[in-house]
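K.L.:
After the structure tokens below, expect a handful of questions from me.
We did not get these values from a lab; they are worked out from the coordinates using the rules stated. Quantities reported herein were computed from a predicted structural model and do not represent experimental measurements. Using ideal geometry, Cβ is built from the backbone for each residue, glycine included, and neighbour counts are taken over all protein chains shown.
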């Protein structure tokens, strides 16, 4: 056994434990900074140094994050499960929150009114619950805003907001909702929310006309899966302002291009088919 080698390794470990966690900062401030790093990056923290690895695996680290959880919440990823109803259950206003800093679910502030089949979007790190069906008919023309840092909902009302909302998305710092198609005129009733004035206005008529199916925004570009006649992937050209146009994909080169959305042609689904929809939001 090489005693000189093992002795030098022991000395280097002792010297490393005497070094600050972050050069130039006291350890208490460094710990406060490192504790704000989201849980998904903790594995990377362990690779920085032996001392960081021992810290992240220590009881001190767990206890510190547990103690400072209220401060760290706004820096962690938070999942919110809110509202909804069941086949034999009325709409609920219950809200549950998953806090990744604690790796646990907790009760959050309840909605002001019970809602189901409502639109839900995130704008400026706040959750918007819009329209939907509830237990009180007077609340059908309303929306609520949730601040995860204060755990508080704020209720708003507008006669433009209707309960039957079919789709929604966020683009250019505004919320868009589609409230169905008129049986008489075949026009799409779509609204846009202006956060600066806290008001709902009618959306661009050309864009609403092309919004005939599920929509998603990728890199500030609106894509619509048009199901009015078969299935077509459409995109909205904001700079032109002339409705949605069909997206043409070069199938031969699609495998060599990153970030490609592909849709296959298929018949329109029968009216008797049930379609279940899931929306995931991240703050």
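K.L.:
Given R₀ = 45 Å, FRET efficiency for residue 147-residue 88 by Cβ-Cβ distance, to 0.05?
P.N.:
Once the sixth-power term is evaluated, E becomes 0.85.
K.L.:
Given the Cα-Cα distance of residue 41 and residue 174 and 0.36 nm per residue of separation, how much length would full extension add, in nm? Can you show the working numbers first?
P.N.:
On the way: separation 133, 0.36 × 133 = 47.88 nm, distance 3.10 nm.
Between residue 41 and residue 174, full extension yields 44.8 nm more.
K.L.:
While we're here: What order do you get for 166, 60 when you list them from fewest to most C-beta neighbours inside 10 Å? It would help to have the intermediate numbers written out before the result.
P.N.:
Details: 166 18, 60 11.
Least crowded to most crowded, the residues run 60, 166.
K.L.:
Moving to a separate point now. For residue 54 and residue 154, compute 0.36 nm times the residue count separating them, minus their Cα-Cα distance, and round to one decimal in nm.
P.N.:
Numbers: separation 100, 0.36 × 100 = 36.00 nm, distance 4.34 nm.
Full-extension gain reported as 31.7 nm.
K.L.:
In nm, what is the difference between 0.36 nm times the number of residues separating residue 196 and residue 79 and their Cα-Cα distance? Don't skip to the answer; put the middle values down first.
P.N.:
Values: separation 117, 0.36 × 117 = 42.12 nm, distance 2.59 nm.
That works out to 39.5 nm of additional length.
K.L.:
Ok, one more. Order by neighbour count: 29, 177, fewest other Cβ atoms within 10 Å first, most last.
P.N.:
Listed from fewest to most nearby Cβ atoms, that is 29, 177.
K.L.:
At 7 Å along Cα-to-Cβ for each site, give me the label-to-label distance between residue 103 and residue 231 in nm.
P.N.:
3.8
K.L.:
Using the count of nearby Cβ atoms within 10 Å as a rough guide to exposure, how do 171, 234 rank from fewest to most?
P.N.:
171, 234
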